[in-house]
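The structure that follows is given in the form of structure tokens.
The values are calculated or read from the model by the stated rules, or taken from the named source; none is laboratory data. Quick caveat: nothing in here was measured; it's all calculated off a predicted structure. We place every Cβ from the backbone using ideal geometry, glycine too, and count neighbours over all the protein chains shown.
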Amino acid sequence: MITYGEVKRNLIASIAFLAFALFMILFAIPTEINVKSGLLAGESSSESRLFPYFASGIMGIAAIIQIVRNLHSYSVLRRSGVENTEHMDVGKELKALAILVLCVVYAILFSAIGYIAASIIVTPIALFVMGGRKWQYYVSVLVVVFIMFVIFEYVLYVPLP
């Protein structure tokens, strides 16, 4: 049986993902991914934005579905007469807030110093905050950073700062 605390955490995460998807669709993608348009562009003006829009759209749809499911779970709990006896764990809430702050710091650093440097600085910190203690986790995160760089730069031809 799902608890009030689980519903609350899932609902907050879903709303955050929906907000992030909307931010990407309405602000980040249109302002950060430049496209050439017109007859001399040589490519469709939507090609470089297609994957980011698609990924953000899927994230937004999944978040909306999860919000609806969590609201339904909440109403089932209320109708069944289950009492909410859970209390907020301040440590977990602060950890979530720290991850949110790190996301904002990452966005700022990404613009200021570029993808690789920002990723090398922020992702290990985020992994540590989330409780990753094995050195293999840190190595795997850094390997993914470099793989993503290669994919964007040399496969998709999307230059990263």
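Tell me, yes or no, whether the range 67-79 has at least one residue that is under 19 Å from the mean Cα position of the chain (by Cα), exposed (fewer than 13 other Cβ atoms within 10 Å of the Cβ) and either assigned by TED's automatic domain parsing to the domain that holds Ala16 or in a helix (DSSP H, G or I) (or both).
no
Taking interchain pairs and intrachain pairs at least six residues apart, which have beta carbon atoms under 8 angstrom, with the first residue in the range 67-78 and closer than 12 Å to Asn10 by Cβ and the second hydroxyl-bearing (Ser, Thr, Tyr) and in a helix (DSSP H, G or I)?
Matching pairs, first to second residue: Ile67/Ser14; Asn70/Ser14; Tyr74/Tyr4.
Here is a follow-up. From the residues in the range 1-24 that are aliphatic (A, V, I, L, M) and modelled with pLDDT under 85, which one is farthest from Arg69 (Cα to Cα)?
Ranking the candidates gives Met1 first.
Can you find, within the range 105-161, the residue that is surrounded by the fewest Cβ atoms within 10 Å (Cβ to Cβ) among those that are outside any helix (DSSP H, G or I) and of a type in the set (Gly, Ala, Ser)?
Looking at the filtered set, the residue picked out is Gly131.
Hey, could you check the range 26-53 for residues that are modelled with pLDDT under 55 and of a type in the set (A, V, I, L, M, F, W, C) and say which is nearest to the chain's Cα centre (by Cα)?
In this case the residue turns out to be Ala41.
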